[in-house]
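The values are calculated or read from the model by the stated rules, or taken from the named source; none is laboratory data. Note that this is a predicted model, so its numbers are computed, not measured. All Cβ positions, even for glycine, are placed from backbone atoms using ideal geometry, and neighbour counts span all protein chains on display. Only protein heavy atoms, including side chains, enter the accessible area calculation; ligands, DNA and RNA are left aside. Shrake-Rupley method; radii C 1.70, N 1.55, O 1.52, S 1.80 Å.
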Amino acid sequence: MIYFDNSATTAIHPLALDAYVKTSQKIMGNPSSLHDLGTQANRLMQQARKQIAGILAVSPHEIWFTSGGTEGDNWVLKGTALAKKSFGNHLIISAVEHPAVSETAQQLAELGFEVSIAPVNKEGFVDVDQLAALIRKETILVSVMAVNNEVGMIQPIQAISELLKNYPKIHFHVDAVQAIVKVPQELWLTERVDFATFSAHKFHGPRGVGFIYWREGRKLAPLMTGGGQEENHRSGTENVAGIVAMAKALRLAVEKKAERPAHVAKLKEYLTEELQKFAKVTVFSGAENFAPHILCFALQGIRGEVMVHALEEKQIYISTTSACSSRSKTESSTLHAMNVAGNLATSAVRVSLDESNTMAEVEQFLIIFNQLYRKFSKVN
Ligand SMILES: Cc1ncc(COP(=O)(O)O)c(C=O)c1O
């Protein structure tokens, strides 16, 4: 089996799984309970918060637990809209955001907020001047992802941060789900970033748990109301085992960070070079200013899902451009924003690598791809 779908999800690290199982078995208290068992659970959770904050070099008061990336994005967008609607009703998002941001913005638009879309150039990068031109006095939030999940561009978060220094009241949100441990932190958590979203299952933690960074002093309304957990900011009994396992997975991933990007980048570089030798292949992901782990390409005339299933028969797992939208069989929204022709965009597939992948797997992938290329060429 060759697993090249690490942007969809990663395998849980055995030590993170171990932490999850042990916490589930041994820590039975609800962290809100007043007795010893509750205190014990709460202590573990606060340790995990401290650990994560330490890794990001932020305050533990700036880390808030969620059920993952989708909740984090929803919370920041809707929470900002609710908290700041008396100051303004205008939001700006980039044209290549994950649906957790773009659909949430669309929902806010239906509720009467105004949403502007910052366009991208043909390589997929946000144009900072065009974004600047969209800012109005009613603007309350700018949301731009750090690493695009479909094609892998690293957006100019530092340049946008510079721009937003002139607009200190605007909330700046960065969806960093695909960026953490993959690209250097200074590219997604600048001093000007107010909120950032993270998800454990993208860095070998469990699914269904994540956190947001929330810069102290910023206002955000809760999305989940109820029992008042997370100091009234996010109600719901906490997923203690998931949180502990997430902190463990993050620590393990960060420890390996030094060697990871170089190894993964080498695999991507070789794969790109080899794929470009096929006349009917278009590669959308570049090297410079692109994440090392994501490679998006299309084989002209063959729909993405046909390629995914043909490779699956050989036990090679990749995806159409993003796992979340791949079942809906729509064309990639990122490629659409990059002005890629519709028929080519529907052929796009994504290979997403991880440090556990090897050059031998890449070679095997290329052998199988070559066979499929010849088969499909005959049919066409
Ligand atoms: C950029 C980005 N944001 C948000 C999400 C949603 O994260 P989750 O699956 O934890 O809800 C994903 C998941 O693929 C993603 O890639």
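The range 124-166 to the range 171-192: how many Å between their Cα centroids?
Using only Cα atoms, the two centres lie 12 Å from each other.
Go ahead and run the numbers for FRET between Arg136 and Lys50, Cβ-Cβ distance against an R0 of 56 Å, rounding to 0.05.
Numbers: r = 39 Å, r/R0 = 0.70.
In this case the efficiency is close to 0.90.
Using the Cα centre of the chain as the reference point, and only Cβ charges (+1 on K/R, -1 on D/E), how large is the resulting charge dipole? Debye, rounded to the nearest 20.
Here the size comes out at about 300 debye.
Suppose accessible area is computed on protein heavy atoms with a 1.4 Å probe; arrange Arg234, Arg350 from highest to lowest.
Result of the area sort, largest leading: Arg234, Arg350.
With unit charges on the beta carbons (Lys and Arg positive, Asp and Glu negative) and the dipole taken about the Cα centre of the chain, which residue among Ile316, Phe284, Gln364 sits farthest to the positive side?
Ile316
Describe numerically, in nm with one decimal, the distance between label points set 7 Å from Cα along Cα→Cβ at Met224 and at Ala287.
Reported label-point gap for Met224 and Ala287 is 4.4 nm.
Give me the percent relative contact order of the chain, please, defined on Cα pairs under 8 angstrom at least 6 residues apart. Could the numbers behind the result be given before it?
Details: 754 pairs, mean separation 84.2, N = 380.
About 22 percent, as a whole number.
Any idea what angle helix 36-56 forms with the longest principal axis of the chain, computed on alpha-carbon atoms, 0 to 90 degrees, nearest 10?
Rounded to the nearest ten degrees, it is 50.
Name the residue farthest towards the positive end of the dipole of the range 165-254 from the options Val181, Leu252, Thr225, assuming +1 on Cβ of Lys and Arg, -1 on Cβ of Asp and Glu, about the Cα centre.
Val181
Relative to the longest principal axis of the C-alpha atoms of the chain, give the angle of the C-alpha long axis of helix 260-275, reported between 0 and 90° and rounded to the nearest 10°.
30
Please check: in the Gaussian network model of the chain (C-alpha springs, under 10 Å), which one of Ala196, Ala159, Ala133 has the largest mean-square fluctuation.
Answer for the Gaussian network model of the chain: Ala133.
Take the chain, connect every pair of alpha-carbon atoms lying under 10 Å apart with a spring to form a Gaussian network, then pick out the residue of Ser116, Ser199, Ser352 with the largest mean-square fluctuation.
Evaluated over the chain, the most mobile residue of the options is Ser116.
How many lysine pairs are close in the range 14-255, with Cα atoms under 22 Å apart and the two 8 or more places apart or on different chains?
Close lysine pairs found across the range 14-255: 28.
Among DSSP bridges having both ends in the range 14-255, what percentage is antiparallel? Round to the nearest 5.
40
So what is the diffusion coefficient of the range 60-139 in µm² per second by Stokes-Einstein at 37 °C and 0.692 mPa s, using a Kirkwood Rh over Cα pairs?
Rounded to a whole number, D works out at 241 µm²/s.
Quick check: from the Cα gyration tensor, does the range 14-255 come out rounded (a/c under 1.5), prolate or oblate?
prolate
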